[in-house]
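To start, the structure itself, in structure tokens.
The values are calculated or read from the model by the stated rules, or taken from the named source; none is laboratory data. Keep in mind that what you see is a predicted model, and the values were worked out from it rather than measured. Reconstructed Cβ throughout: ideal geometry from the backbone, glycine too, with neighbour counts over all protein chains shown. Please note that ligands, DNA and RNA were not included when accessible areas were found on the heavy atoms of the full protein model with its side chains. Shrake-Rupley method; radii C 1.70, N 1.55, O 1.52, S 1.80 Å.
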Protein chains: 2
Amino acid sequence: MTTKQPNPQTANNVNPAEALRTLCEKSHPAVAAEALSALDVAAAWDILRDVTPSIRTEIFSHLTPSLQVEMVGTLPRADMARLLSDMPPDDRADLFRRLPEESRDAVLPALAEAEREDIRRLTDYEDGTSGAVMTSEYATLPPDLTVTDAIERLREIAPDKETIYYSYVVDDERKLLGFVSLKDLILARRDATIRDIMHEDVIFARASDDQEDAARLIQKYDLIALPIVNEDGALVGIITHDDAIDIITQEHTEDMRRFMAIAGSAGTEGYLRTPFWKHVQQRVGWLVGLAALGLVSGLIIHEFEATLTQVIILALYMPMVADTGGNTGSQSATVVVRALALREIAPRDAWRVLLKEFQVSVFLAAVLGCLAWAKVVWLSQDTALPPGITLSNVALVIAAALTGQVVTATLIGALLPLAAARLKLDPAVVASPALTTIVDITGLLIYFFTARWLLGL
Amino acid sequence: MTTKQPNPQTANNVNPAEALRTLCEKSHPAVAAEALSALDVAAAWDILRDVTPSIRTEIFSHLTPSLQVEMVGTLPRADMARLLSDMPPDDRADLFRRLPEESRDAVLPALAEAEREDIRRLTDYEDGTSGAVMTSEYATLPPDLTVTDAIERLREIAPDKETIYYSYVVDDERKLLGFVSLKDLILARRDATIRDIMHEDVIFARASDDQEDAARLIQKYDLIALPIVNEDGALVGIITHDDAIDIITQEHTEDMRRFMAIAGSAGTEGYLRTPFWKHVQQRVGWLVGLAALGLVSGLIIHEFEATLTQVIILALYMPMVADTGGNTGSQSATVVVRALALREIAPRDAWRVLLKEFQVSVFLAAVLGCLAWAKVVWLSQDTALPPGITLSNVALVIAAALTGQVVTATLIGALLPLAAARLKLDPAVVASPALTTIVDITGLLIYFFTARWLLGL
């Protein structure tokens, strides 16, 4: 898990800047970008300025978006325009989208008409859609070309295309007719036409589709690239396999953050570069909301204060019942959220899921109820109880309440993500801490009503 | 986000089995596999039996591993051997690994020597390593071939290789010298030799490396395939881009399950096909463990029972302090676990992470402390208090304890995943429910000592 480096020409007698420049020329652009990220902006430009232009652009495209914005901000307008012109269209559109208003207005007139148009088209799509991540550097072929001519054509255009391993066959209106892989071309008879050998059942996505759906298609069908069409069925871009990995990783980060009650997107700066106030901002909203929701629990406890004052032992076991409900509810929510994300289940399976979770919860409730009973009997053997109430009665009440709470919390944990999915929301909006707070409420209600009923309070 | 289907030749007059068979022949094997998964094993074989053998094998390879095992179990030995021989080597090794002992012993002698050897080699590597997921169907080229001859060679071997877009250049001992892409070959002068045009700085992984590290290399360097070498540096296989997506998705699922205290692997059956007892098994262990850990909280509460009996209002706010600590601790753990998984931070950054989390937690603590104070003053305005203790004193105690708990819980939430990573464990072993239970303990201690100290109990 390492890379064979070129012979170290960076031996003695060479200053660090020179060594970095050699690294930029000889190593993979991802490696060079990583090394440059440690420098400040001016020092990074000092190195990059003397690197071959095509390599410079590649390295720049591998920097994190926030660093790109920072670095591009220090350039004169003409240099900024040249850099943008050289970048791959999807990376360029992405950078453009992040530039401050004034930089955008400054650089646009300095770009060629074709690039301006390309940026306009790619930035037109909403963030998170397939259109916003696609690239316009794909290879197309007309259906009537012969295989020999097609290979010759690909030779000519290859340097400008993100991939030539898939070529898309389009008609005069750019309607998608089919695709051929370079492997098909290599294997085919030289005088066959593209129409003869193309695959007509093309898997594609629409530009307005969610980027995650496009990435999942690439995953499902093991594709190197997925064509993206507009509302008229005309080819407007492709999403490549490496973008699909990045999208899936990004969506997973979002899911996990959302599920653990952290707002906003993860950002591209990484943990350490994200400023303190942004970390606070992403967490404080949810925490305040949860504190507000916690008021309901507070009101319920307040309502039953008389009962608790009378039988103090019940107050001592409130946290146990609340925690256990939170744990079982979070487990079922996790399993359901992930199964929905992997498309293993859909909202229409709700009844089957709830039935299964019910079975699981009954078993878990039985085990945890017995443990709770034993815990109360052992821990509170010397606790003073009000007249007429025995320890075994109290233990039974607590165990019964906990049993009811485990079943309820498990079902709520499964139900809420399914409901979110049915409402076309991301199932992970049902954050685990929110779920914990919600099942606290049901738990306390079950607890106090069980106590009143069984102890006759 | 849909596929252009071939013209529906499955109109009237055609029975469902016939329609499915047509689907198998005409659609992407992933689609056919999905359709067949709904059938029982015998019915699925009825359909597959009449499908072109090469397509049949492809469809079979797209079925879930557990269904493959089930289906292969019903075959006579000779058919089983034929199916295994036709499968891609990585899928075949994977299936073989899952077969029951007696099926393996039965089918091995029926296979050709070369395939037996291939299976032995691929199943030799431990589950979760790069060696266990690699395929042996890659293209190699000797360094002295000309470009024309190399393309001709690739034409011949293409049908048997997982990808011909990257070819690996090896010497007589199979030592990896470099690689060429098919794009390089198409662009190169016809009489150049492979040695002239190959890239010598090859990114590779070792067969014993973690599969996730290999997948992250594919992601970082935007590769179509990653070569895998053994301890001697000899090429033994490749991992392709589509495997990388599957590995990353699988690791995401594992991380999320682990973090939410669910044991075992997600399995390949999907949520609904996983039997009830397996769901129970994956959850009950952690829940019982958490209940055991909760005993510590129980003992602490028991220890301070006298204090609670004296000032009952303190018992009423125990759940609030515990919940808030759990929420803030889970947030910081989530952020740190994810940053570690994305390699944004490493264990050596521990001090910087803790400093940042400390800053964040102080701010959060201030906000949540004020809210807690207001909550107590408002909710408990009519609560009876023991002589000498005022409501504003109690509110101050509760707010102070909550403030201390938010800071402590946030730091513990950040520290534990970093410690796990330092011990070479997956940071996600610090499951959020376990963390919640641990910070319950610190929270109760802080709560009771603050109360004793400030109220002079």
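Below are the figures for this structure:
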| item | result |
| --- | --- |
| Share of carbon and sulfur in the accessible heavy-atom surface of the protein assembly as shown [1.4 Å probe, %] | 56 |
| Separation of alpha-carbon centers, segment A:56-115 and segment B:26-48, rounded to whole Å | 49 |
| Amide H contacts of A:Tyr166 (H built 1.01 Å from N, under 5 Å, at least 5 apart or other chain) | A:Leu182 |
| Residue-level accessible surface for B:Ser392, protein heavy atoms, 1.4 Å, Å² | 70 |
| Largest-first ellipsoid semi-axes for segment A:232-294, taking √(5λ) over the Cα gyration tensor eigenvalues, angstrom | 32, 16, 10 |
| Threshold 40 Å² - residues in segment B:170-189 whose accessible area is reduced by that much or more when the chain is no longer isolated, probe 1.4 Å | B:Lys183, B:Ile186, B:Leu187 |
| Helix A:211-220 axis, angle to chain A major axis (alpha carbon atoms, nearest 10°) | 80 |
| Nearest-0.05 FRET efficiency for A:Arg422 and A:Cys370, computed from C-beta distance (R0 45 Å) | 0.80 |
| Size of charge dipole - segment B:317-418 - debye, nearest 20, with Cβ of Lys, Arg +1 and Asp, Glu -1, no other charges | 320 |
| Among B:Thr129, B:Ile197, B:Leu293 the positive-end extreme of the charge dipole of chain B (Cβ point charges) | B:Leu293 |
| Backbone N under 14 Å from the B:Ala292 label point (7 Å along Cα→Cβ), restricted to segment B:241-266 | none |
| For the protein assembly as shown, with +1 on Lys and Arg beta carbons and -1 on Asp and Glu, the positive-most of B:Gln282, B:Thr140, B:Trp45 along the dipole | B:Gln282 |
| Heavy atoms of A:Arg104 accessible to a 1.4 Å probe, total area in Å² rounded to 10 | 70 |
| Normalised per residue, the volume of the convex hull around the Cα set of the protein assembly as shown (Å³) | 195 |
| Heavy-atom accessible area per residue - the protein assembly as shown, 1.4 Å, Å² | 42 |
| Charge dipole (debye, nearest 20) of segment B:276-455; +1 at Cβ of Lys and Arg, -1 at Cβ of Asp and Glu | 640 |
| Set of segment B:293-330 residues, backbone N closer than 17 Å to the point 7 Å along the Cα-Cβ line of A:Trp378 | B:293-303 |
| Longest to shortest principal axis, alpha-carbon extents of segment B:15-81, angstrom | 29, 21, 20 |
| Charge dipole (debye, nearest 20) of the protein assembly as shown; +1 at Cβ of Lys and Arg, -1 at Cβ of Asp and Glu | 2900 |
| Burial of 50 Å² or greater, segment A:312-335 residues [accessible area, probe 1.4 Å, versus chain by itself] | A:Ile312, A:Leu316, A:Pro319, A:Asp323, A:Asn327, A:Gln331, A:Thr334, A:Val335 |
| Average Cα contact separation per residue, segment A:76-181, under 8 Å, 6 or more apart, as relative contact order % | 22 |
| 3J(HN,Hα) from dihedral phi, segment A:18-30, Karplus parametrisation 6.51/-1.76/1.60, rounded to Hz, x for glycine, proline | 4, 4, 5, 4, 4, 4, 4, 6, 9, 9, 4, x, 5 |
| Cα point-scatterer Debye curve for segment B:276-455, base-10 log of I(q)/I(0) at q = 0.09, 0.13 Å⁻¹ | -0.37, -0.71 |
| For chain A, alpha-carbon Rg over 2.2 N^0.38 Å | 1.35 |
| On Cα atoms only, tilt of B:350-379 relative to the major axis of chain B in degrees | 50 |
| Segment B:16-124: relative contact order in percent, alpha carbon pairs under 8 Å with at least 6 residues between | 23 |
| Förster-model FRET efficiency, 22 Å R0, A:Leu108 and A:Ala78, C-beta, rounded to 0.05 | 0.95 |
| Pairs of alpha carbons in segment B:138-240 whose separation is greater than 21 Å (percent) | 31 |
| Prolate/oblate/rounded call for segment A:203-245, Cα gyration tensor, a/c under 1.5 rounded | prolate |
| Across the identical copies, how the A:Leu299 labels are spaced - nm, sorted shortest first, 7 Å along Cα→Cβ | 3.9 |
| Nm distances between copies for A:Thr193, ranked from closest, using label points 7 Å along Cα→Cβ | 4.3 |
| Point-to-point label distance, B:Ala306-A:Ala19, nm (Cα→Cβ direction, 7 Å offset) | 6.7 |
| Residue-level accessible surface for A:Leu396, protein heavy atoms, 1.4 Å, Å² | 100 |
| Near-label residues of segment B:53-71 by backbone N, under 14 Å of a point 7 Å along Cα→Cβ of A:Asp201 | B:55-56, B:58-60 |
| Sites B:Ala158 and B:Ser85, calculated FRET efficiency, Cβ-Cβ separation with R0 25 Å, nearest 0.05 | 0.85 |
| Inter-copy spacing of B:Pro109 label points, which lie 7 Å from Cα along Cα→Cβ, given in nm from shortest upward | 8.6 |
| At least 20 Å² of accessible area lost relative to the chain alone, listed for segment B:272-295 with a 1.4 Å probe | B:Leu272, B:Phe276, B:His279, B:Val280, B:Arg283, B:Val284, B:Leu287, B:Val288, B:Ala291, B:Leu295 |
| Chains A and B, summed buried accessible surface - 1.4 Å probe, Å², nearest 100 | 11400 |
| Table column - 3J(HN,Hα) (Hz), segment A:188-199, Karplus curve with 6.51, -1.76, 1.60, x for Gly and Pro | 6, 4, 5, 9, 5, 9, 4, 4, 5, 9, 6, 8 |
